[in-house]
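First up is the structure itself, then whatever we jot down about it.
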Amino acid sequence: MRVLVVDDDKLVAVSLKTILEADGEITVVGLGEAGDDAIRLYREQHPDILLMDIRMSPMSGLEASEEILKEKPEAKILLLT
């Protein structure tokens, strides 16, 4: 499974990557720090799941989710807070 992780707290993002990749079936295909990163990385990497923080600046996870879902309604996005 290919997972993209986006969180404005770098420690949280790296920790999630470490935890997820402990499962041999999960590969973290990218790390981002803001909603605009999520959109760009989603377009580039085509992950199976996007794991993203809600509260980020300048673009929130909710705003990024809206944009991604407009382009790809079948996207699987899991939001954290």
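The values are calculated or read from the model by the stated rules, or taken from the named source; none is laboratory data. On a predicted model such as this, the values are computed, not experimentally measured, just so you know. Quick reminder, even Gly has a Cβ in these numbers, built from the backbone with ideal geometry, and neighbours come from all protein chains shown. Each accessible area value is taken on the protein alone, full model and side chains, heavy atoms only, with ligands, DNA and RNA left out. Shrake-Rupley method; radii C 1.70, N 1.55, O 1.52, S 1.80 Å.
The rows are residues; the columns are (1) within 10 Å of residue 5 (Cα to Cα); (2) of a type in the set (Asp, Glu).
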{"residue": "30", "(1), (2)": "yes, no"}
{"residue": "50", "(1), (2)": "yes, no"}
{"residue": "54", "(1), (2)": "no, no"}
{"residue": "67", "(1), (2)": "no, yes"}
{"residue": "71", "(1), (2)": "no, yes"}
Taking segment 66-81 and keeping residues without any contact (Cβ under 8 Å) to a residue 24 or more places away in the chain and under 14 Å from the mean Cα position of the chain (by Cα) leaves 66, 69
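Of the residues in segment 1-25, how many are in contact (Cβ under 8 Å) with a residue 60 or more places away in the chain and open to solvent by 40 Å² or more (accessible area, probe 1.4 Å)? Break it down into steps so the answer makes sense when it comes.
Narrowing segment 1-25 to residues in contact (Cβ under 8 Å) with a residue 60 or more places away in the chain: 7.
With open to solvent by 40 Å² or more (accessible area, probe 1.4 Å) added as a condition, the list becomes none.
Here the count works out to 0.
How about segment 26-55: which of its residues are assigned to a loop (DSSP other than H, G, I, E, B), among the hydrophobic types (A, V, I, L, M, F, W, C) and either on the phi > 0 side of the Ramachandran plot or open to solvent by 20 Å² or more (accessible area, probe 1.4 Å) (or both)? Full working, then the answer.
Start the filter on segment 26-55 by keeping residues that are assigned to a loop (DSSP other than H, G, I, E, B), which leaves 26, 33-34, 46-48, 54-55.
Filter once more, keeping what is among the hydrophobic types (A, V, I, L, M, F, W, C): 26, 34, 54.
Residues satisfying the conditions are 26, 54.
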